[in-house]
1. Quick check on my filter: what residues within the range A:93-150 are more than 27 Å from A:LYS429 (Cα to Cα) and within 14 Å of another protein chain (Cβ to nearest Cβ)?
2. Identify the residue in the range A:469-494 that is within 19 Å of A:PHE542 (Cβ to Cβ) and part of a helix (DSSP H, G or I) and, among all such residues, is most open to solvent (accessible area, probe 1.4 Å).
3. Sort out which residues of the range A:259-287 are β-branched (Val, Ile, Thr) and either modelled with pLDDT under 85 or open to solvent by less than 20 Å² (accessible area, probe 1.4 Å) (or both), and write them in order of number.
4. Among the residues of the range A:53-91, which ones are in a helix (DSSP H, G or I) and open to solvent by less than 10 Å² (accessible area, probe 1.4 Å)?
5. In this structure, is A:PHE484 in contact with a helix residue (DSSP H, G or I) (Cβ under 9 Å, 6 or more places away or on another chain), within 22 Å of A:ILE450 (Cα to Cα) and either modelled with pLDDT of 85 or more or of a type in the set (Val, Ile, Thr) (or both)?
6. Regarding the range A:231-254, can at least one residue be identified that is closer than 30 Å to A:ILE396 by Cβ and open to solvent by 10 Å² or more (accessible area, probe 1.4 Å)?
7. With the requirement that a residue be buried (at least 18 other Cβ atoms within 10 Å of the Cβ) and either away from every other protein chain (no Cβ under 12 Å) or at pLDDT 90 or above (or both), what does the range B:6-35 give you?
8. Taking the stated definitions as given, is A:LEU388 modelled with pLDDT of 90 or more, open to solvent by less than 10 Å² (accessible area, probe 1.4 Å) and over 30 Å from A:GLY570 (Cα atoms)?
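The values are calculated or read from the model by the stated rules, or taken from the named source; none is laboratory data. Keep in mind it's a predicted model, so treat the numbers as computed, not measured. Cβ: placed from backbone, ideal geometry, glycine included. Neighbour counts: every protein chain shown. Protein only, heavy atoms only, side chains kept; ligands, DNA and RNA dropped before computing areas. Shrake-Rupley method; radii C 1.70, N 1.55, O 1.52, S 1.80 Å.
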Amino acid sequence: MKNKTIALVGNPNVGKSTVFNALTGMKQHTGNWPGKTVTNAVGHMRYKDATFDFIDLPGAYSLDSSSPDEAVTGEYILSGQADLVLIVADATCLKRNLLLIKDILKVTDKAVLCVNLMDEARKKGIQLDIEKLQKLLHIPVIATVARSKEGFPQLLETLYSFSPNESSGMHKKDFNINDIYRQCVTLSKEEPHSFDRKLDKIVTSKILGFPVMILLLLMIFWITMVGANYPSEALSSMFSLLDEKIRTLLISVNAPNVLVSALMDGLYTTLTWVISVMLPPMAIFFPLFTLLEDFGYLPRVAFNLDNVFKCCGAHGKQSLTMCMGFGCNACGVMGCRIIESPRERLIAIITNNFVPCNGRFPTLIAIILIFFVSGTASLGTLAAGCILTGFILIGIAVTLIVSKLLSKTVLKGMPSSFVLELPPYRKPKIGSVIVRSIFDRTVFVLGRAIVIAAPFGVLIWILANIKIGNSSILNHCTEFLDPFGRVIGVDGVIVMAFILGFPANEIVVPVMLMCYMSTGVLTDYSSLTQLQDTLVGCGWTFQTALSVIILCLFHFPCGTTCLTIKKETGSLKWTAFAFLLPTVIGIGICFIINLFCTLL
Amino acid sequence: MNDVSITLPMAVPGKEYIIQSIKKGAAVADTFRGYGIFPGAKITLLFNSPAKNPSAYEVMGAVLALRKEDSNNIYISPAIVK
């Protein structure tokens, strides 16, 4: 029985995590931009009579770097904790990868080189002489395609049979990179990256750069809205059908009325709302976004936007973490580790919440569809897509303004220097991305629905049904909040819903509905029209809808995000700041809107 | 002529240059090394971002974006075409 600790090292974005996932069967998030792995993932696998413990280290360009992220990698290698270092290199960019290989071979000879992305290299007409590379480097070299596990049997066998003694022949590990490159790599095309260069010229051009960006955003939203419509309606009608069935069943087994009401009006309503209204848009948006990410478009966005971020005293990579925020703000905050300078990292962390995460999109979409567009289906959704894109752009603008204000006041300083790598475009595995991320999203949302939405549904039902004096606790709360709500153009219920939505943004709207329902207005909401009737019946106007959207964009981060901010900044003060800042901004904007509306 | 050096942002797009020196005190020189940006290495300006800053350069087969503030510290001279 052998036990081997194997560290995966390599330049950022050479497919380390893909190799790691393929080896261990784990699901580390991968994406085509440098710095995706921010934590050390550990995974195990058994091969013959051996157990391999794999450690996926964050990508590094060299071992003596100043960035904290890379320092982790350097320290780990130097500590000699690993029995074996598996260097992962990008076959399409071997020359630059050799820099790190050289660094590593200077400190250890317990190394195996895995030349990954051989399929991309073949496509680009880059031929590698693996035999020769092995001879020149004096370590085992295996060519792989991690996505299809090509070369993995040899890789595992090499890892299994590798013993440090065999290569301890005191080879001189100082080599000339240019020599090795010249001897091992032959190009069959003059410019192997011509496709990338052509595409880059388009997506970063002065004229087309920004329109392409906005169009892509718009397209994603539009597909999300159109696509989510059908499953949403199907799920809604299924759930309302089930609702009656379950009620009849519960009554027939003589369940007490209180229990029936708590289960059905509390738990069931919240749960089914989250599943039917929130899940479909999330399950469509997420894979689309992942496709763009895997293709390698995000670094180009960062490239285009860098100048704007620089003017705001922020780091160019902040646009990458901002993009991640669209998926999940907690992930975005964690991703801020790719920013080396502490000052700029803090700015990125604090402002991450200004772009709406996946859990807020469906709320925005529903409100926009109800109050902002009317008319034919496809034209309506296109208009809704434009409006949503507009609100997102407002979110981005606020991100920039706040970044600027922060860097002028509490977080004063000059923008630090950095290098942003624009990786080669890679064809995403469309089928598997879609299937995997729809599946992952569904499991994630369902999990949260069960863990957070369901208990909260019951809690709110209890609040709505325990009476103190002649009205419920919930009513007392909403009435207490109502004067405040009126000042910012909403009502007490909405304020209450946002507060109760702290554990998860998904439940804001169902909480609202439940509050309204307890006043006896709502009976059923299987379609958006019914939802509209209910909301209008409760006094919603265009201004209310606008204010809710603003509050949805700008309010305190959800519980998970707050915890992540606390973890990443290690400071309660900054967490409180990140909590208060968006809240104050949201309330401020709504107050101004209300002021205007009352004056007009 | 190898001894005539200009700063990196002055490079002509598509033309290959050799890095002559990196200004002392540039805090980033350490970081640059791992990217393949060090004296003696080849570098080519590929394209600019919409605001002309940052710009993308090809170094050792990879595309790297540098801000003018940083690339101004890098001195280059034209590579001799064989």
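1. A:LEU98, A:LEU99, A:LEU100, A:ILE101, A:LYS102, A:ASP103, A:ILE104, A:LYS106
2. Within the range A:469-494, the match that is most open to solvent (accessible area, probe 1.4 Å) is A:ARG486.
3. Once the filter is applied, which keeps residues that are β-branched (Val, Ile, Thr) and either modelled with pLDDT under 85 or open to solvent by less than 20 Å² (accessible area, probe 1.4 Å) (or both), the range A:259-287 yields A:VAL260, A:THR269, A:THR270, A:THR272, A:VAL274, A:VAL277.
4. Correct list: A:THR73, A:GLY74, A:ALA91.
5. It is false that A:PHE484 is in contact with a helix residue (DSSP H, G or I) (Cβ under 9 Å, 6 or more places away or on another chain), within 22 Å of A:ILE450 (Cα to Cα) and either modelled with pLDDT of 85 or more or of a type in the set (Val, Ile, Thr) (or both).
6. There is at least one residue in the range A:231-254 that is closer than 30 Å to A:ILE396 by Cβ and open to solvent by 10 Å² or more (accessible area, probe 1.4 Å).
7. Correct list: B:LEU8, B:PRO9, B:ALA11, B:TYR17, B:ILE19.
8. Yes.
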